[in-house]
1. Top to bottom by accessible area (1.4 Å), largest first, where do Asp96, Asp168 land?
2. Quote the convex hull volume per residue of the stretch 82-133, based on C-alpha atoms, as a whole number of Å³.
3. If I model a spin label at Leu102 and Asp147 as a point 7 Å from the Cα along the Cα→Cβ vector, what separation in nanometres do I get?
4. Return the calculated 222 nm mean residue ellipticity for the chain, to the nearest 500 deg cm²/dmol, obtained by summing -39500 (n - 2.57) across DSSP H runs with n ≥ 4 and dividing by the residue count.
5. What are the residues whose amide H is under 5 Å from the amide H of Glu146, where those residues sit 5 or more places off or on another chain and H is modelled from the backbone?
6. When ligands, DNA and RNA are left out and all protein chains stay put, how many square angstrom of accessible area per residue does the chain have with a 1.4 Å probe?
7. List the pair-distance distribution P(r) of the chain, using every Cα-Cα distance, as the percent of pairs falling in each 10 Å bin from 0 up to the bin containing the longest distance, rounded to whole percents.
8. Any idea what the dipole of the stretch 54-172 comes to, in debye rounded to 20, about its Cα centre with Lys/Arg Cβ at +1 and Asp/Glu Cβ at -1?
Amino acid sequence: DSPSGLRFNLHLPQSEDPSLLAEADLRDAVVTLPEGVTVNPASANGLAGCSPAQVELNGPNPAHCPDASKIGSVEIDTPLLDHPVKGAVYVATQTDNPFGSLLAIYIAVDDPQSGVVVKLAGHVVPDSSTGQLTTRFDDNPQIPFEDFTVDFFDGPRAPLRTPGTCGDYTTT
């Protein structure tokens with residue numbers, strides 16, 4: 001029952017063997033955290049939201065979200081580049097986001113070396129009875145990747161809070 005930084009890794013093995021079938025691109029992703037993992041209310045103090053104008057989801061430029069809206073980091077390893085690309089996770093402005101919802105996040109990646117700019121919107125939905133969080137990323141770009149790693153910040157103002165009881169918990 002404490003603030004916690006969590007790390008998630010989505011691994012899609014990629015083969016460079018031209019005689020094998022390639023891994024399909026990830027169109028939609030749904031992440032459901034274990035029951036009991038909730039939003040940490042202590043993280044709200046001083047936290048700002050990133051507006052649609054600042055992230056400019058469909059624009060070619062990198063996101064310009066305020067640092068006060070950053071809640072984590074992202075790293076993507078793709079066979080298309082000789083280096084991983086890095087970015088951040090931002091809290092979207094409440095109700096002023098693509099979903100009109102209370103909770104939403106943006107993943108924004110900008111790699112000046114390759115010119116790659118990726119911006120995704122995630123709809124975060126808490127279960128009304130348990131508070132369990134489910135986040136959806138729909139219609140993702142058709143870009144092959146091997147590892148997609150998200151690190152939510154830790155410490156007393158971490159964006160997530162662990163369950164109040166000990167035990168094993170599974171993220172799907």
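The values are calculated or read from the model by the stated rules, or taken from the named source; none is laboratory data. Everything quoted here is computed from the prediction, not taken from an experiment. We place every Cβ from the backbone using ideal geometry, glycine too, and count neighbours over all the protein chains shown. These area figures cover heavy atoms from the full protein model, side chains too; ligands, DNA and RNA do not enter into them. Shrake-Rupley method; radii C 1.70, N 1.55, O 1.52, S 1.80 Å.
1. Asp168, Asp96
2. Enclosed volume per residue, from the Cα hull, is 82 Å³.
3. 3.6
4. On the way: 1 runs with 4 residues, N = 172.
The per-residue figure over the chain is -500 deg cm²/dmol.
5. Hits under the 5 Å cutoff: Asp77, Thr78.
6. Counting only protein heavy atoms, the per-residue value for the chain is 57 Å².
7. Histogram of Cα-Cα distances, whole percents per bin: 10, 37, 35, 15, 3, 0.
8. 420
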